[in-house]
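I have placed the structure first, in the form of structure tokens, so that the comments after it can refer back to it.
The values are calculated or read from the model by the stated rules, or taken from the named source; none is laboratory data. Quick caveat: nothing in here was measured; it's all calculated off a predicted structure. For neighbour counting, all protein chains shown are included, and Cβ atoms are generated from backbone atoms with ideal geometry for every residue, glycine included.
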Amino acid sequence: MNRIQSSMAALLITTASLAAPSIQAGESHAMPAASWADIQARGHLLFQHDRALAAAQRRAQASRTFTHDDRVVTAVSEKIDESLIRVTFVDATPAALYRVDIELHDYRSGPLEVFATPAALGAYQRKALAARAVAEGAQVDTCGHDTRSIVLPDPTARGQWQVYLLPQASDHGSIPVGGSHRIDTDGREVLARHAIADTCIELDRSDASIGVMVAANPGDPAPTEAHVYWSLWAALPMYVGTETGLWSISDGAIEPPTALNALRSPGFDAYSQIGVVHAVHAPMP
């Protein structure tokens, strides 16, 4: 059992008010384990692409040719297989200018490939960039943050895409959970949009000795892939209050609320609070 499951009868947190339904201890969750597995896998994939894009940017910035090339407007990532993500830097055409492969086991980059003349993009890259353009034109509240976008194929609908708009942290110690959005698109129009939370919240990672607590968007029965992503990004456990209970995410794995509901202290409503978890007390037998 992990640290979250095997200890704790009380949570000491720094909180901010957030309206959410009050859940009675012992209520069961509504999602099958298979759904959690899909959400976990999606969150891990989102994190992989984010790490790969960052690694590719660092590799490219080490090239004087790249840093002096004002044609570069963006980058697009594509998972080639289970061990590699390819990142392509493109111009406004869009056409490929540079390319670098990132190994997923350690996020090390291969050599930066420089195209002597702009190269045509593959179908995946063209469609992903079209999806991003639609998503970035959507009217969503990013809580005043600049955002970075990650584009993934929609696993449930052929030819559709999911674009994640993720806030940039204002500093290294913050976790900007509020302002995260997923935009579903076919590359021509926005089909749906989903916010991870309905409030602007930026948690202080440096003040968290155990983990962080957030409330999910009203109507979400369980944590989303974005919660898994932010937990991995912050390298901290995350507790997510939903209408079905208080879930936990640790090392990218979702735990259902059944066990955690029994750990609530009398009078402590974790589902209407968000904040930083400072301490865990009273180990359970």
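Going by the structure shown, is VAL76 in a strand (DSSP E or B) and over 27 Å from the mean Cα position of the chain (by Cα)?
Numbers: in a strand (DSSP E or B): yes; over 27 Å from the mean Cα position of the chain (by Cα): no.
No.
Only one of GLY179, GLY173 is under 19 Å from ASP50 (Cβ atoms), in contact with a Ser or Thr (Cβ under 7 Å, 6 or more places away or on another chain) and either crowded, with 16+ Cβ neighbours inside 10 Å or of a type in the set (A, V, I, L, M) (or both). Can you tell me which? Walk me through it before giving the result.
Values: GLY173 fails: either crowded, with 16+ Cβ neighbours inside 10 Å or of a type in the set (A, V, I, L, M) (or both).
Answer to the check: GLY179.
Looking at this structure, is SER206 out of contact with any Asp or Glu (no Cβ under 6 Å at 6 or more places or on another chain), surrounded by fewer than 16 Cβ atoms within 10 Å (Cβ to Cβ) and not β-branched (Val, Ile, Thr)? Reasoning before the result, please.
On the way: out of contact with any Asp or Glu (no Cβ under 6 Å at 6 or more places or on another chain): yes; surrounded by fewer than 16 Cβ atoms within 10 Å (Cβ to Cβ): yes; not β-branched (Val, Ile, Thr): yes.
Judged against the criteria, SER206 is a match.
For region 92-123, what are the residues that are assigned to a strand (DSSP E or B), in contact with a strand residue (DSSP E or B) (Cβ under 9 Å, 6 or more places away or on another chain) and not charged (D, E, K, R)? First the steps, then the outcome.
Step one: of region 92-123, the residues assigned to a strand (DSSP E or B) are 96-103, 109, 113-119.
Add one more test, that the residue is in contact with a strand residue (DSSP E or B) (Cβ under 9 Å, 6 or more places away or on another chain), and what stays is 96-103, 109, 113-115, 118-119.
Answer for region 92-123, where residues must be assigned to a strand (DSSP E or B), in contact with a strand residue (DSSP E or B) (Cβ under 9 Å, 6 or more places away or on another chain) and not charged (D, E, K, R): ALA96, LEU97, TYR98, VAL100, ILE102, SER109, VAL114, PHE115, PRO118, ALA119.
For PRO223, only one of the following conditions fails: (1) closer than 21 Å to ILE254 by Cα; (2) at pLDDT below 85. What is its number?
Answer for PRO223: the failing condition is (2).
Filter region 186-203 for residues that are touching a residue at least 12 places away in the same chain (Cβ under 8 Å) and small (Gly, Ala, Ser); which is surrounded by the fewest Cβ atoms within 10 Å (Cβ to Cβ)? Full working, then the answer.
The first filter runs over region 186-203 and keeps only residues touching a residue at least 12 places away in the same chain (Cβ under 8 Å), leaving 186-191, 193-203.
Going one step further and asking which of them are small (Gly, Ala, Ser), we end up with 187, 195, 197.
Numbers: GLY187: 19, ALA195: 21, ALA197: 24.
Result: GLY187.
When region 114-133 is examined, which residues are found to be surrounded by 19 or more Cβ atoms within 10 Å (Cβ to Cβ) and more than 16 Å from TYR98 (Cα to Cα)?
Matches in region 114-133: LYS127, ALA128, ALA131, ARG132.
Is there any pair linking a residue in region 223-243 that is in a helix (DSSP H, G or I) to one that is crowded, with 22+ Cβ neighbours inside 10 Å and charged (D, E, K, R), with Cβ under 9 Å and at least six apart or on different chains, and which?
GLU225/ARG182; ALA226/ARG182
Looking at region 225-247, which of the residues that are surrounded by fewer than 24 Cβ atoms within 10 Å (Cβ to Cβ) and of a type outside the set (A, V, I, L, M, F, W, C) is farthest from SER35 (Cα to Cα)?
The qualifying residue farthest from SER35 (Cα to Cα) is PRO237.
Restricting attention to region 55-65, does a residue exist that is in a strand (DSSP E or B), under 24 Å from ASP171 (Cβ atoms) and not assigned by TED's automatic domain parsing to the domain that holds LEU191?
Restricting attention to region 55-65, the residues satisfying the condition of being in a strand (DSSP E or B) are none.
Within region 55-65, none of the residues are in a strand (DSSP E or B), under 24 Å from ASP171 (Cβ atoms) and not assigned by TED's automatic domain parsing to the domain that holds LEU191.
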